[in-house]
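The values are calculated or read from the model by the stated rules, or taken from the named source; none is laboratory data. Just so it is clear, the model here is predicted, and its values are computed rather than measured. Backbone-built Cβ (ideal geometry, glycine too); neighbour counts: all protein chains shown.
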Number of protein chains: 2
Amino acid sequence: MSEADGPEAEVRRVNEAFYAAVEAGDLDRLTELCCADRPLVCVHPGVAPIHGTGAVLRSWALVMASTDYIQFFLTDVQVTLQGDVAVLTCAENMLTAGEEPALGGEDQPTGFRGGKAQAMNVFTKESTGWRMWIHQASPVGSDRI
Amino acid sequence: MSEADGPEAEVRRVNEAFYAAVEAGDLDRLTELCCADRPLVCVHPGVAPIHGTGAVLRSWALVMASTDYIQFFLTDVQVTLQGDVAVLTCAENMLTAGEEPALGGEDQPTGFRGGKAQAMNVFTKESTGWRMWIHQASPVGSDRI
């Protein structure tokens, strides 16, 4: 088994897929990537924790519905594996924007802002693969680009 | 088994004991309350994550050494149990102070400040009991008293 096929690489791929689902506003894909066997726990930046899969998924739906445009650049990704649980930490470097209608074309993002959060994502191995169980993101300051 | 003896109550007691150890600046006690079987992972507010038991314990030693006085009032404690892992979230309402020598008595705390963080603490069941594995605290604003 090469390193690219090992559990750490798989956890990193699922983590990237999770953020890609948030970028795409794809709640179905995000749900697929979350634990089905354990109740989710989530702490979004600066707000109270959310316990329970339904409530956590609704919170992600709200985050995505209220974000016109978001792109994540993940840095400092570190994984600690422990049996069927993996703890991944990373910096979420975010680029967000509003949108405004373009003349005769697709809406264009406008008013870019940068932000940064420190995330801890805990994954468990389920029959379908590694799935996100716990997510916490801490604000660590922000920059306007 | 009464509720006071169940795993959730035990996790809550260990969580309180952990914060009491920080208040007391007792690194030995804090170490006892942390996992011995798994590498610790910790995200203090606003700084990079720390992976590895030695590094995490050194970070707590530094926090305690650089804090003259700290008292935690834990609120909104919620626990999700999943087999031998428990996810506890709580608000850390902190009262901190410097110290100054008192005339003919013990040093007295002075210059009180309040702060608040949102914590996620993940515990695992070891042979010695429930022990803290993962800690993350997110800043959520602060107040000066």
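Which one of the conditions (1) part of a strand (DSSP E or B); (2) surrounded by fewer than 18 Cβ atoms within 10 Å (Cβ to Cβ); (3) at pLDDT 90 or above; (4) among the hydrophobic types (A, V, I, L, M, F, W, C) does B:Ala97 fail to meet, given that it meets all the rest?
(3)
What number of residues in the stretch B:39-69 are in a strand (DSSP E or B), under 15 Å from the mean Cα position of the chain (by Cα), within 14 Å of another protein chain (Cβ to nearest Cβ) and not β-branched (Val, Ile, Thr)?
Total meeting the criteria: 1.
Just to be sure before I move on: is A:Leu40 closer than 25 Å to B:Pro139 by Cβ, surrounded by 13 or more Cβ atoms within 10 Å (Cβ to Cβ), at pLDDT 95 or above and not hydroxyl-bearing (Ser, Thr, Tyr) in the structure I sent? Let's see the steps before the verdict.
Values: closer than 25 Å to B:Pro139 by Cβ: yes; surrounded by 13 or more Cβ atoms within 10 Å (Cβ to Cβ): yes; at pLDDT 95 or above: yes; not hydroxyl-bearing (Ser, Thr, Tyr): yes.
Considered against the rule, which asks whether it is closer than 25 Å to B:Pro139 by Cβ, surrounded by 13 or more Cβ atoms within 10 Å (Cβ to Cβ), at pLDDT 95 or above and not hydroxyl-bearing (Ser, Thr, Tyr), A:Leu40 comes out as yes.
Out of B:Pro45, B:Pro139, report the one residue that is in contact with a Ser or Thr (Cβ under 8 Å, 6 or more places away or on another chain), modelled with pLDDT under 90 and under 23 Å from B:Val14 (Cβ atoms).
Being in contact with a Ser or Thr (Cβ under 8 Å, 6 or more places away or on another chain), modelled with pLDDT under 90 and under 23 Å from B:Val14 (Cβ atoms) holds for just one of B:Pro45, B:Pro139, which is B:Pro45.
Scanning the stretch B:71-92 for residues that are acidic (Asp, Glu) and either within 9 Å of another protein chain (Cβ to nearest Cβ) or assigned to a strand (DSSP E or B) (or both), which turns out nearest to A:Pro49 (Cα to Cα)?
Residue satisfying both the conditions and the ranking: B:Asp76.
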